[in-house]
Structures are given as C-alpha cells and as structure tokens.
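The values are calculated or read from the model by the stated rules, or taken from the named source; none is laboratory data. No experiment lies behind these values; they were computed from the predicted model shown. With ideal geometry, Cβ positions are generated from the backbone for all residues, glycine too; neighbour counts draw on all protein chains shown. These accessible areas exclude ligands, DNA and RNA; they are computed on the full protein's heavy atoms, side chains included. Shrake-Rupley method; radii C 1.70, N 1.55, O 1.52, S 1.80 Å.
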Amino acid sequence: ASVCGGCLALMDAGVPIKSPIAGIAMGMLLGDKGGVSDENAVIVSDILGTEDALGTMDFKVAGNREGITTFQLDIKCEGLTLETMEMALEQARNGRLHILGEMEKALKEPRPHLPSTVPKITRMTIPEDSIGKVIGPGGRQIRALIEDFGLVNIDVEENGEVQLTGFDLEQMEKAKELITLLTSPLGGGKGKGERVPRAEYSGPEPVEGTTYKG
C-alpha cells in the first residue's frame, strides 16, 4: 500500500517518474505434512498482520509491468525450494499487474504541471555589476520583489546566479522579467538596450485651479 500510494502521490504532484510502480506482500502458510514442500506450502497474496504473524514468509515485491524493481524477504522456516519461490513470484506478478490496472483507473501518468501547493525553483543569470540593483539599499529591492510577486525567496550569488523559489510559476516568470529590466544597461528599455519614449499628454488645455477626471 505504501508503494502504490506513494507512486500515485508522486504522479499526482507532477513528478515525472518513468512508469507507475505497484507493490504487493506475499505470505506462506505450511500444512501439517511437516517441512517446506510444494504440496505443503500455501502462498497467500496481500497478507495482513495476522497472516504475517502466523505465517512462515513475508515476501514484499514491487515493480512495473516489465519486471521487479525491488523485493524484500523474511522467512521463519529452514528454507524455501526453488519451486515454492517460483510459485510465489508468479503469484506476485499477477497481483502486481492487477494492482497496476486499478491504479491506472485513477491516474495513468504524471500530471503535466506541478500543482500550486508544490514549491518551484527557477534560475537566471544577471551581470555581476548589477547585483546591487536587485538587492537594493539595505535589501529593500529584493524584499519588495519577494513581497510583490508572492515569492518564497530570492537568492543572489556573487557570480550573478539568481535563484527564485515560490509556488506560482507565472508570478515567478514576471519577477524574472522585472529583474531583467532592472539589470539591463538602460532600465527603461525593457531589457532591449533602448529607451522607451515617454508618454505625451493628450487632453484639454489645462486651466489653473480646475480638476480633471478621466
């Protein structure tokens, strides 16, 4: 259950895993014939605590449709025959494939985007001589960026590497655009190296003492 639930949680969070993974716990009960043999061993699937306590094997197998990714085995008997292990592995394979089918009904593949509840990181590089423009006097500029765009943090390295962390990717991209504008050679040029013409006034001829609205 922990393997299946953990896999679905990762996929639901948008983590790009290669393929879904399911796990199943196998057990073994021995009859009254004494010793471990194919005739005396009963393989049980998806064991509970009671079966684990009273049984002689705890065999956890996890994997995808192509094969096993990991397994763990505890036994309380003197040993297992190859035939018993083969039977347990085949039973685990059938159970794993069934569980994967049920998981696919809920979610077939990782979601394309991380949800808003997952923190995100994006990076950019600015000129080293422009670091002060991002930080500002006493850190006022960088604190304003964090607050205005709802970021978690902005980390500026001495080599000009800037790391932004937050939850809203759109706001993080807007913060990057503003940082690019702040650190451009001509700040009014929107990072394109040219100045933007100042907007000219268009309206009625102003009269002293008159209030205009619009």
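Residues in the range 62-73 carry Karplus couplings, in order, of 10, x, 10, 6, 8, x, 8, 9, 6, 8, 9, 9 Hz; the curve used is 6.51 cos²θ - 1.76 cosθ + 1.60 with θ = phi - 60°, and Gly or Pro positions show x. As a fraction of the 1.4 Å probe accessible area of the range 13-164, surface on carbon and sulfur atoms comes out at 54 percent.
Can you compute the FRET efficiency between Asp129 and Glu104 using 1/(1 + (r/R0)^6), with r the Cβ-Cβ distance and R0 = 45 Å? Round to the nearest 0.05. According to the calculation, E is roughly 0.25. Over the C-alpha atoms of the range 75-150, the Rg to Rh ratio, Rh being the Kirkwood estimate, stands at 1.46. For the range 1-135, dividing the convex hull volume of the Cα atoms by the residue count gives 179 Å³ per residue.
When Rg and the Kirkwood radius Rh are both evaluated on Cα atoms of the range 53-102, their ratio Rg/Rh stands at 1.00.
For Glu170, Glu104, Glu205, the ranking by accessible surface with the largest value first comes to Glu205, Glu170, Glu104, using a 1.4 Å probe. Site pair Glu205 and Ala9 shows an inter-label distance of 7.4 nm when each label is modelled 7 Å from Cα along Cα→Cβ. Among Val134, Gly101, Thr117, pick out the residue whose Cα is farthest towards the positive end of the charge dipole of the range 94-138, where Lys and Arg carry +1 and Asp and Glu carry -1 on C-beta, about the Cα centre. Going by the Cα projections, it comes out as Gly101. Stretching the chain fully between Leu181 and Phe71 yields a gain of 34.2 nm (0.36 nm per residue, less the alpha carbon separation).
Listed values for the range 154-169 are Karplus-derived 3J(HN,Hα) couplings in whole Hz (6.51 cos²θ - 1.76 cosθ + 1.60, θ = phi - 60°), namely 10, 10, 10, 8, 5, 8, x, 6, 10, 10, 10, 10, x, 10, 9, 5, and x replaces Gly and Pro.
A crude spin-label estimate for the pair Asp155 and Gln171, with each label 7 Å from Cα along the Cβ direction, gives 2.0 nm. Only protein heavy atoms count here; on that basis, with a 1.4 Å probe, Phe167 has an accessible area of about 90 Å². If the limit is 28 Å between Cα atoms, which of Lys18/Lys120; Lys108/Lys174; Lys60/Lys108 go over it? Check vs 28 Å cut-off fails for Lys108/Lys174. Taking all protein chains together and a 1.4 Å probe, the residues His98, His113 rank His113, His98 from largest to smallest accessible area. Amide H to amide H, with H built 1.01 Å from N, Phe167 comes under 5 Å of Lys120, Val152, counting only residues 5 or more places away or on other chains.
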